[in-house]
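The values are calculated or read from the model by the stated rules, or taken from the named source; none is laboratory data. Nothing here was measured: the structure is a model prediction, and the numbers come from that model. Cβ placement follows ideal geometry from the backbone for every residue including glycine, while neighbour counts extend to all protein chains displayed. For the accessible areas, the whole protein counts, side chains as well, though only heavy atoms, and no ligand, DNA or RNA atoms are used. Shrake-Rupley method; radii C 1.70, N 1.55, O 1.52, S 1.80 Å.
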Amino acid sequence: MSRSASIESVAPVGADTAAVRVDELSKRFGKKEVLRSLDLELPRQQITGLLGPSGCGKTTLVNQIVGLSRPSSGAVEVLGFKPGSSQLRPQVGFMPQSDALYQDLSATENLQFFGSLYGMAPKALKRRSQTLLEALKLADTGKTLVSRFSGGMKRRLSLAIALLHEPQLLVLDEPTVGLDPVLRLELWAEFRRLVSNGTTILVTTHVMDEAMSCDL
């Protein structure tokens, strides 16, 4: 990690139940070194928080873990596989900092599209989509085009997509940006429920009270 970076609250190295292992990870963009020789392990069935200000390297690290970017040096292992592998894809849910949604599709159509990429059966996909829309207070907007959504609604739909296939590892990059305080509390309650059911969560934040809600 670069000297200017300050990602905090990472899990201690050496846990036998690690969902993610990072070994001597470095990432450079041209002459700028964002991550330098980073080692960490994330334990399973816990919420691990990456706390730090904007620009410190949180999103860069997340992108290495989910396979959106390759390290300049070092290695990453996720649930026993290399990031981006076909075996790993069905096991990981990712909510990026910027909503990756199709604006000209409805909420339900977005869910159907991403669910098909995960290979979900049509009936199971329909049932799961409805459950998530209701849980995230989007049930009345299933047929509404995403282009008409507010920023908070888009964040909730992005989370629904990340949860759609019930992944073992859920990676959330600033998941509550733009959400009102009440919904933030409800989402964190949902994160706790997921962990109690066996999900491992990695969340980035620059908000101290959210970091305090993490296990590590």
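Miscellaneous remarks
- When its C-alpha radius of gyration is set against 2.2 N^0.38 Å (N residues), the stretch 98-147 gives a value of 1.08.
- Cα-based Rg and Dmax for the stretch 11-138, where Dmax is the largest Cα-Cα distance (Å): 17.0, 50
- FRET efficiency estimate (nearest 0.05) - Cβ-Cβ, HIS206 to SER26, R0 30 angstrom: 0.85
- Whole-angstrom gap from the stretch 36-58 to the stretch 96-166, using each part's C-alpha centre: 27 Å
- Inter-site label distance for ALA189 and SER150 at 7 Å from Cα along Cβ, in nm: 1.9 nm
- Gyration tensor over the Cα atoms of the stretch 149-214: the corresponding equivalent ellipsoid has semi-axes (square roots of 5 times the eigenvalues, largest first) of 18, 15, 10 Å.
- Percent carbon-and-sulfur accessible area, the chain, ignoring ligands, DNA and RNA, probe 1.4 Å: 52 percent
- Once the chain from SER98 to ASP215 is taken as fully extended at 0.36 nm per residue, the excess over their C-alpha distance is 39.6 nm.
- Cα-Cα P(r), the stretch 106-189, percent of pairs per 5 Å interval: 3, 15, 28, 25, 20, 8, 2, 0
- Along the axis of the charge dipole computed for the stretch 73-173 (Cβ charges of +1 for Lys and Arg, -1 for Asp and Glu, origin at the Cα centre), the listed residues GLN97, GLY84, GLY151 are led at the positive end by GLY151.
- In this simple spin-label approximation, SER196 and VAL182 carry label points 7 Å from Cα along the Cα→Cβ vector, and these lie 2.2 nm apart.
- Rg and Dmax of the chain, Cα atoms only, in Å: 17.0, 50
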